Amino acid sequence: MTPSPSGKMRLTGLLFLLLLAFLLDLSVGPVKIPLSDVFHILFSSSSADKTWAFIIDKIRLPKACTAVLAGCALSVGGLQMQTLFRNPLADPAVLGITAGASLGVAAVMLAGGGMATLFAIKELGLAGSWLITVGSCVGAFGVMFFVLLLSGRLQDNVLMLIIGLMLSSITIAITSIWQYFSNPEEVKEYLLWTFGSLQGVTGLQLLILSIVVVIGLTMAFFSSKMLDALLLGENYARSMGLTIARARVLIVVSTSLLAGAITAFCGPIGFVGIAVPHMTRILFNTASHRILIPACCLMGALLLLFCDIVSQLPGSQTGLPINVITSLIGAPMVIGLLLRKKTLNPF
């Protein structure tokens, strides 16, 4: 299904706003850089101000790219989960992926002791630590493997949803026990990680994150027909010749790659996976996933870039946690759209 003329105009408008937000994100911060100089630094090999060039190339450009990747991944992951479980409140966290990643980080920062924490945080930095990233990946994909193992024995998506929530409860409980017996400094550093951060993902980490997200998004796009069929119920999907178990595995793997990679490199970022799919459905007034998936990418990336811009307090060397901003900005936007549309459940 191709977008209608109005749908194409909306996609074009979102793309324009995304480019504008991307440039603004490079411009704002503790050091203000005019947009004209941002253009000059991005598209010219020579720059009059080496400091500004360093700030953009080494700090703000990787952060803006991370925001785009995170917005695309979390929004598409949420779209897939809402369709698979036919639940308007589902997001990637319902599979336990985010909780599993948090458990892996807790194993490094809390159970690992002072030496591991010192190495991971003080030497490498909280957001840029490979040790924390590896722990998060192990936790996320450990839960994903367990979910996939059980999915082959379950015929009901609701049972998968319940098992995912139970796995989340178990991992959260284990993490809480570790926090209870850890010293205050370790707990403080772990809590800082749970706020989420778009900073610190540079170089090889950004390359790996980009590859994983592109793979996850490609799998999601190729499963768009499956998602369209599942939207009308499993019985209808079977009548159309869809193998439910195979479709479920593909969707779960895609969502796990998207949510697990973002949580591993950026920490848990909430709200985006729930809100953006609803905002996109309302804006485009369609149920076709061939339209919704690219639209969610644009909308999610735009939302996270906007939230990152707002988080940069004028005159401050630090910004607000991205998790706080996504909720404060996103929730009123969804409420406003719902008041106009007066519907939420697309199922």
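Any read-out appearing in this document is the output of simple, stated calculations on the displayed coordinates, not a laboratory observation. None of the values given here were measured: they were computed from a predicted structure. When we count neighbours, we look across all protein chains shown, and the Cβ atoms used for this are built from the backbone with ideal geometry, even at glycine.
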- Note on the structure: Of the listed links Lys50/Lys188; Lys8/Lys50; Lys8/Lys32; Lys8/Lys225, those spanning more than 32 angstrom between alpha carbons are Lys50/Lys188; Lys8/Lys50; Lys8/Lys32
- Item | Relative contact order %, the chain, counting alpha carbon pairs below 8 Å whose residues are six or more apart | 30 percent
- When the chain is treated as a Gaussian network with springs between alpha carbons less than 10 Å apart, the largest mean-square fluctuation among Arg246, Arg290, Arg153 is found at Arg153
- Item | Long-range HN-HN contacts of Gly196 with modeled amide H, under 5 Å | none
- Peptide ranges 167-174, 9-16 listed from the most packed, as the mean C-beta count within 10 angstrom indicates: 167-174, 9-16
- How far is the Cα center of region 263-285 from the Cα center of region 5-72, in Å? 21 Å
- Query: Going by how many other Cβ atoms sit within 10 Å of their own, how do Trp52, Trp193 line up, fewest first?
  - Reply: Trp52, Trp193
- Using a/c under 1.5 as the rounded threshold, could you call region 154-198 rounded, prolate or oblate? The axes a ≥ b ≥ c are square roots of the C-alpha gyration tensor eigenvalues, and prolate needs a/b larger than b/c, oblate otherwise. oblate
- From DSSP H assignment alone, runs of 4+ in the chain each adding -39500 (n - 2.57), the sum over residues rounded to the nearest 500 puts [θ] at 222 nm at -24000 deg cm²/dmol
- Task: Apply the Karplus parameterisation 6.51 cos²θ - 1.76 cosθ + 1.60, with θ equal to phi minus 60°, to every residue of region 259-268 and state each ³J(HN,Hα) to the nearest whole Hz, in sequence, with x for glycine and proline.
- Result: 6, x, 5, 5, 5, 5, 8, 10, x, x
- Message: To make sure I understand, if each residue's beta carbon is the centre and we count other beta carbons within 10 Å, what order do Asp228, Asp25, Asp308 fall in, fewest to most?
- Response: Asp228, Asp25, Asp308
- Using a 10 angstrom cutoff on alpha carbons, build the Gaussian network for the chain and name the most mobile of Leu61, Leu305, Leu258. Leu61
